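Encoded as C-alpha cells, the structure appears first; notes follow it.
Please treat every number below as a calculation from the coordinates, not as lab data. Worth saying up front: this structure is predicted, and the values here are computed from it rather than measured. Methodologically, a virtual Cβ is constructed for each residue, glycine included, from the backbone with ideal geometry; neighbour enumeration extends over all protein chains shown.
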Amino acid sequence: MSLLSLGINHQTAPVDIREKIAFSADQMTHALDELQSLAAINESVIVSTCNRTEIYCDTSSDPGKTILHWLSEYHGLSNEALSPYLYQHTDEEVARHLFRVASGLDSMVLGEPQILGQLKTSFDQARIGNSINAILGRLFQHSFNVAKRVRTDTEIGSHPVSVAFTAVNLSKQIFGSLSELQALLIGAGETIELVARHLRSQNIGSMVIANRSLERASNLAQQVGASAVQISDVPEQLEKADIVISSTASQLPILGKGATESALKKRKHKPIFMVDLAVPRDIETEVGNLDDIYLYTIDDLNKVVDKNQQTRVLAAETAQEIINMEVKTFAQWLVTHQAADEIRQLRASADAIKQQCFDRVLAQYQQDHDAEKALQRLANTLTNKMLHGPTIEMRKALRSDDQATIRLLKSLISAE
C-alpha cells in the first residue's frame, strides 16, 4: 500500500496540453470508474481545473506507467506526447504536494483561495463515486485543515495581488460597505469582467457597464447582474456613480475634468472613487486634482500589488514550515494505519490456518471419536502450519549469519 500522485499544471505544461487532458464534470464519474478498475488502484481522486489535472491514488504496487497509459488513452493522446509534461510524487511527497496545492502555494497566483473549493469538489465527486476510502479520505481532509491553518496563521491571502481585486479592495477601504453604492464600469474586456465579479461578491448595490459595443456590454451585464449602456452615456451615468473603474483600449481619454466637475455639482460634491486601469489612460490626469475625487492609476495599483506579492512570498515561507510539520503528522498516522492493517492481515491469515486445521481434525474425529488423538493431531498440524514460513526464513538467516532476523524469529516462538 503506497500513495501516488501524477499530473500536470501551469508550470509544467502549456495551455494546449492542459486543455487536452482536462476532465469535465460530466466525465468525472466515468473516469473514476475506469481508473478504479485498474488492478493496482485501491482508491483514487481526480483533480481537474484550468491550471492542473492531477490523479491521486492509494495503490497496492507502483502503477505509474499504467496510469500514464490510461490517462493518455482516455484523452486520445500518446504516452510520448504527454510524459514530458508530467510530474509524479510518492508517499510523503504526495501529502506535501497536496498540502501546498490546497494552501495556494502551487497556484499561478500565490495564495489564491479558489483551488481549495476545487479540491473539495473533486473530493466530493470521488466520495459519491465510491473511489475514496480511509487513506485518501484522511489525506484530503487533512489537506483542507492545513489550508485553513495556513490562512489563519499567515498572511498568505490577506492582501490582494491582482489589480482588479485591489481596485475593489480599495473601494471597500474608502466606503466600507458597498451595498448602497452604484459602480460605473467603463469597458467590457477581461479586466472589467474580473472587477465586476469581485464587486458582485462584495454585494455592490448596483452596476452599470458602459462600452462602445452595447451588445458586448449587455452580454457581460447579463452575467454579473448589471445594466448596460453605450460609452456615450458615461457623462450622464457619472452623476449617479460612487465608484468608477475604467479599462478600455481607447487612444483618447474617456473622462475629462469638465464632465467630472459637472457630475460632482449634481451630486452635491458627494465623493467619487475612480480607478483608471487603462494604458493609455481613460481618465484625464487633471481629474485627480478635483476635490471629492479619489483617483488611482494602474501604476498606483501595481505598487500595492507588488507590495502585497512580497508579503505573500514571506507568508509562503511560514506556510511551508506549517506544511512540513503537517506532513510529518500525516506520515505518522499513515504508518500507524498501515501497521494496524498489516496486523489485521496477519491475524486474518492465522485465523484462516486455525480454521482450516480445525475443520480437517474435526472431520477425522467424527470418524474415529478419539479425542486425545484429535487434540494431538490439531496441535501438530497448527505447529507445522505456523512454523513453515518462519522455518524457511530462519534457514536463510542462519546461512547469512543475519543475527537480527535470528533473534526476531526466536522471539516469535519463545515459550515464555
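Listed cross-link partners LYS148/LYS328; LYS307/LYS328; LYS268/LYS303; LYS65/LYS120 are compared with a 25 Å cut-off, the Cα-Cα value being larger for LYS307/LYS328; LYS268/LYS303; LYS65/LYS120. Positive-end ranking of GLN338, VAL146, ALA13 along the dipole of the chain, with charges on Cβ about the Cα centre, is headed by GLN338.
Relative to the Cα centre, the charge distribution of the chain, modelled as +1 at Lys and Arg Cβ and -1 at Asp and Glu Cβ, gives a dipole magnitude of about 700 debye.
Taking each residue as 0.36 nm, the span from GLN376 to SER158 lengthens on full extension beyond its C-alpha to C-alpha distance by 71.0 nm.
Entry for the chain at q = 0.13 Å⁻¹: log10 I(q)/I(0) = -1.14, Debye formula applied to identical alpha-carbon scatterers, no solvent contribution.
Sorting TRP70, TRP333 by the number of Cβ atoms found within 10 Å of their own Cβ, with the fewest placed first, yields TRP333, TRP70.
Whole-Hz Karplus values for the range 180-185 come out as 9, 9, 10, 10, 10, 10 Hz, taken residue by residue from phi with 6.51 cos²θ - 1.76 cosθ + 1.60 and θ = phi - 60°; glycine and proline positions read x. For a label point 7 angstrom out from the Cα of GLN251 toward its Cβ, which stretches of the range 273-291 have the backbone nitrogen within less than 13 Å? Within reach of a label on GLN251: 280.
Model label points for ARG138 and ALA348, set 7 angstrom from Cα along the Cα-to-Cβ axis, are 1.7 nm apart. Scaling the Cα radius of gyration of the range 88-189 by the globular reference 2.2 N^0.38 Å produces a ratio of 1.40.
Placing a pseudo-label 7 Å from each Cα along the Cα-to-Cβ vector at GLN202 and ASN324 gives an inter-label distance of 3.7 nm.
Lys-Lys pairs in the range 345-412 that are eight or more residues apart or on separate chains and whose Cα atoms lie under 20 Å of each other come to 6. Which percent, nearest 5, of DSSP beta bridges in the chain are antiparallel? Approximately 45 percent, going by the DSSP bridge assignments. When VAL195, VAL313, VAL327 are sorted by how many other C-beta atoms sit within 10 angstrom of their C-beta, beginning with the fewest, the order is VAL313, VAL327, VAL195.
Working from Cα pairs under 8 Å separated by at least six residues, relative contact order for the chain is 12 percent.
The range 80-122 and the range 220-246 have Cα centres lying 39 Å from one another. Along the axis of the charge dipole computed for the range 345-412 (Cβ charges of +1 for Lys and Arg, -1 for Asp and Glu, origin at the Cα centre), the listed residues ALA350, ILE392, GLN376 are led at the positive end by ILE392.
A DSSP coil position with no more than 13 other Cβ atoms inside 10 Å describes none of the trypsin sites (Lys or Arg not before Pro) in the range 1-106. Ordered by the number of other Cβ atoms lying within 10 Å of each residue's own Cβ, fewest first, MET108, MET274 fall into the sequence MET108, MET274. Note that the range 345-412 shows a convex hull volume over its alpha carbon atoms of 90 Å³ per residue. Using a simple spin-label model with pseudo-atoms 7 Å out from Cα toward Cβ, LYS265 and TYR74 lie 6.6 nm apart.
Working note: 222 nm ellipticity from helices only, DSSP H runs with n ≥ 4, each -39,500 (n - 2.57), summed and divided by the residues of the chain, gives -19000 deg cm²/dmol to the nearest 500.
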